[in-house]
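Visitor: Before I ask anything, let me first share the structure, which is written out below as structure tokens.
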């Protein structure tokens, strides 16, 4: 039985708790949160230990893994503490606001046999998994252009209270929405070689951005654009949309369906010339407990499976999540070239992790940097 502890019991913490609390191989032994009301509710209705201080929880409880669902600026310190206590770690996205912190954590955890995962749930959505398979099969030929978008109605008024309105705590749509949008590009196409033309715009917020647009450039000829908007009231729920244009056709996908346009039929895959539509129900499989979408259960079951099977081959470990952090950092640099200072070693991070890739970030940083 895997003993788990939770740090942070807001919306995502409760979601993860409900999924893992029903897992036959997991026992939740403790929860840490800063809300006294939430801790009192847990004490009254659940047989778990409760703490207001995660250091005390880690010292007092015997746990195999930690689920972190706290504001983004606290991730790196909590992860470091968990790793020091030899615990497997699942952390909500983004990984770390400070890429230097992320680099140090990756270097440290690579020397330990600890499973690590970041909550980029799109990688466990069956539609996006299908898109990745189609790209690996070269179905639409060489990719020439793509768009990756995320829309939602999260912020529809200016609010100077709360973490979403404070960049230092991970506020702004770039970290909150954009991390999902960018990670989806990394998952399907890998990180870009250059970033250009970034614009950060406000719609309602006075302290952070509500919209982001940026261009991704790859040395292999791929060009793409990323657009993020969390102030769009025409969307009832957040939506991720990816469009890929290739030499043999086109793919448009969201979390619910994939539309495939082919210049020639592919009988072996039961795909006709012209438009083909496949819905998530065509290839999804039921999960043991449904909460908000199959992907939420699938990602946590994958985390547990990695621990049970003693494998570190995680589809979205800290190494992979750090790539998205670095891209976000360089988007901020590209948008504010005259305001950012203190260039750091991000110019070589992606090259180190992907030896075959050409150096990217030296061209971006070139004497510029950002402290986050």
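Visitor: Can you give the Kirkwood hydrodynamic radius for the stretch 162-260, in Å, rounded to one decimal and based on Cα pairs?
Guide: On the way: mean 1/r = 0.0678 Å⁻¹.
Mean inverse Cα-Cα distance, inverted, gives 14.8 Å.
Visitor: A further question follows. Kindly state, to the nearest 0.05, the FRET efficiency for residue 239 paired with residue 100, given R0 = 35 Å and r defined as their beta-carbon distance. Write down the numbers at each step before the final one.
Guide: Details: r = 33 Å, r/R0 = 0.94.
For R0 = 35 Å, the calculated efficiency reads 0.60.
Visitor: Output the direction-averaged projected area (hull surface divided by four) of the convex hull of the alpha-carbon atoms of the chain, in nm².
Guide: Mean orientational projected area (the chain, Cα hull): 18.9 nm².
Visitor: Given only helices, namely DSSP H runs of n ≥ 4 each adding -39500 (n - 2.57), what is the per-residue ellipticity at 222 nm of the chain, to the nearest 500 deg cm²/dmol? Walk me through the numbers on the way to the answer.
Guide: Numbers: 12 runs with 121 residues, N = 372.
When only DSSP H runs of four or more count, the value is -9500 deg cm²/dmol.
Visitor: Take every Cα pair under 8 Å in the stretch 222-273 that's 6+ residues apart, average their separations, divide by the length, and report that relative contact order as a whole percent.
Guide: Working: 50 pairs, mean separation 10.1, N = 52.
Computed value for the stretch 222-273: 19 percent relative contact order.
Visitor: Could I ask something else about it? Given a Förster distance of 30 Å, report the FRET efficiency between residue 166 and residue 289 from their Cβ-Cβ distance, rounded to the nearest 0.05. Before the final figure, lay out each step's value.
Guide: Values: r = 34 Å, r/R0 = 1.14.
Calculated transfer efficiency: 0.30.
Visitor: Length gain on complete extension for the stretch residue 60 to residue 3, per 0.36 nm per residue less the alpha carbon to alpha carbon distance? Write down the numbers at each step before the final one.
Guide: Details: separation 57, 0.36 × 57 = 20.52 nm, distance 1.33 nm.
Length difference between fully extended and current span is 19.2 nm.
Visitor: I need two numbers for the stretch 74-119: Rg to one decimal and Dmax as a whole number, Cα atoms only, in Å.
Guide: 9.4, 24
Visitor: Do you know the relative contact order of the stretch 123-288, to the nearest whole percent, from alpha carbon pairs under 8 angstrom that are 6+ apart? Kindly include the intermediate steps, with their values, before the conclusion.
Guide: Working: 359 pairs, mean separation 48.1, N = 166.
For the stretch 123-288, the relative contact order is 29 percent.
Visitor: Right, another one. If we count other beta carbons within 10 Å of each Cβ, what is the order of 261, 187, 145, fewest first?
Guide: Working: 261 17, 187 21, 145 14.
Placing the least packed residue first, the sequence is 145, 261, 187.
Visitor: Additional query: In what order do 99, 281, 315 fall by count of nearby beta-carbon atoms within 10 Å, going from fewest to most?
Guide: Details: 99 22, 281 9, 315 14.
Lowest to highest Cβ neighbour count: 281, 315, 99.
Visitor: Taking other Cβ within 10 Å of each residue's Cβ, how do 275, 163 sort, fewest first?
Guide: Numbers: 275 13, 163 16.
Ranked by crowding around the Cβ, least crowded first: 275, 163.
Visitor: Which value in nm describes the separation of the simple spin-label points at residue 107 and residue 43, placed 7 Å from the Cα toward the beta carbon?
Guide: 4.3 nm
Visitor: Specify, per residue and in Å³, the volume enclosed by the convex hull of the alpha carbon atoms belonging to the stretch 23-182.
Guide: Values: hull volume 30.1 nm³, N = 160.
Spelled out: Cα convex hull of the stretch 23-182, divided by residues, is 188 Å³.
Visitor: Next question. For the chain, give me the percentage of DSSP beta bridges that are antiparallel, rounded to the nearest 5 percent.
Guide: Working: 38 of 65 bridges.
So the antiparallel bridges in the chain amount to around 60 percent.
Visitor: Moving to a separate point now. Quick check on the stretch 1-98: what does the Kirkwood estimate of hydrodynamic radius come out to from the alpha carbon pairs, in Å? Please report the intermediate quantities before stating the final value.
Guide: Working: mean 1/r = 0.0751 Å⁻¹.
By the Kirkwood definition, the hydrodynamic radius is 13.3 Å.
Visitor: Still on this structure: Peptides 247-260, 295-308: what's the order by average Cβ count within 10 Å, highest mean first?
Guide: On the way: 247-260: 18.1, 295-308: 20.7.
Final packing ranking: 295-308, 247-260.
Visitor: What length, rounded to one decimal in nm, is gained on full extension from residue 338 through to residue 86, with 0.36 nm per residue of separation minus their alpha-carbon distance?
Guide: Details: separation 252, 0.36 × 252 = 90.72 nm, distance 4.20 nm.
Full-extension gain reported as 86.5 nm.
Visitor: For the stretch 123-288, report the translational diffusion coefficient in µm²/s to the nearest whole number, using Stokes-Einstein at 20 °C, 1.002 mPa s, and a Kirkwood Rh over Cα pairs. Write down the numbers at each step before the final one.
Guide: Values: Rh = 17.0 Å.
The estimated diffusion coefficient comes to 126 µm²/s.
Visitor: Can you tell me how much longer the chain between residue 25 and residue 158 gets when fully stretched, taken as 0.36 nm per residue apart minus their C-alpha distance, in nm with one decimal? Let's see the in-between values first.
Guide: Working: separation 133, 0.36 × 133 = 47.88 nm, distance 4.40 nm.
Working it through step by step, the gained length comes to 43.5 nm.
Visitor: How high is the relative contact order of the chain, in percent, counting Cα pairs under 8 Å that sit 6 or more residues apart? The partial results should precede the final answer.
Guide: On the way: 759 pairs, mean separation 63.4, N = 372.
About 17 percent, as a whole number.
No lab work stands behind these numbers, since they all come straight from the coordinates. These numbers come from a predicted model, not from an experiment. Heads up, the Cβs are rebuilt from the backbone with ideal geometry, glycines too, and the neighbour counts pull from every protein chain shown.
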